[in-house]
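Have a look at the structure below, then the notes.
The values are calculated or read from the model by the stated rules, or taken from the named source; none is laboratory data. Predicted model, so just to flag it, every value in this text is computed and none were measured. Keep in mind that these areas ignore ligands, DNA and RNA; they rest on the heavy atoms of the full protein, side chains included. Shrake-Rupley method; radii C 1.70, N 1.55, O 1.52, S 1.80 Å.
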Amino acid sequence: MAASSKATVVLKAVKNITVQFCPFESNVRSTREFLVMVGSAKARSTNINCEVIPLVKHDKSLPVVDITYLDGDRLVLKGAQLTSSEMIDAFQSLCTEKDLQAKAAAKK
């Protein structure tokens, strides 16, 4: 879980995050690490209205992270094919872009 020490997660532009995985599958590590990072107290304090919803299933389903932003856009990450660092990087880059768009709109 080396990614957690160097990544600061900011949930300012996020409405909700649904993390779905089957804990008995071998390909869920990155998804579980992502859940730990976005579910931490420090990350949750950046947006207290953001819901982090873990869905633990026992149906051999693929690990999926579904993120809904405040503007209605969605990002779906398939954890079986990504590392936790890649997931956080994709998530944070879109969050940063959305935050910059919101700041630009506020200035107008």
Helix axis angle, 84-107 relative to the chain longest principal axis, alpha carbon, degrees: 20
Total lysine pairs whose alpha carbons fall under 21 Å of each other in the chain (8 or more apart, or interchain): 15
With Cα atoms, 0 to 90° folded angle of helix 29-38 axis to the chain main axis: 30
Directionally averaged projected area (convex hull, Cα atoms, segment 4-54), nm²: 3.6
Antiparallel bridge percentage (DSSP; both residues within the chain; nearest 5): 65
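Using the heavy atoms of the protein chains alone and a 1.4 angstrom probe, what is the accessible area of the chain per residue in square angstrom? List each step's numbers first, then the result.
Values: 6550 Å² over 108 residues.
Value for the chain: 61 Å² per residue.
Over segment 35-81, consider all pairs of different Cα atoms and compute the Kirkwood hydrodynamic radius from their mean reciprocal separation; express it in Å, one decimal. If you can, show how the numbers build up before the last one.
Values: mean 1/r = 0.0815 Å⁻¹.
For segment 35-81, inverting the mean 1/r across all distinct Cα pairs yields 12.3 Å.
Please compute the volume of the convex hull spanned by the alpha-carbon atoms of the chain and report it per residue in Å³. It would help to have the intermediate numbers written out before the result.
Details: hull volume 10.1 nm³, N = 108.
Taking only Cα atoms, the chain has a hull volume of 94 Å³ per residue.
Got a number for carbon plus sulfur as a percent of the chain's accessible area, 1.4 Å probe?
Values: 3540 of 6550 Å².
Answer for the chain is 54 percent, counting heavy atoms of protein chains only.
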Estimated 222 nm signal from helices in the chain, with DSSP H stretches of n ≥ 4 weighted -39500 (n - 2.57), rounded to 500: -11500 deg cm²/dmol
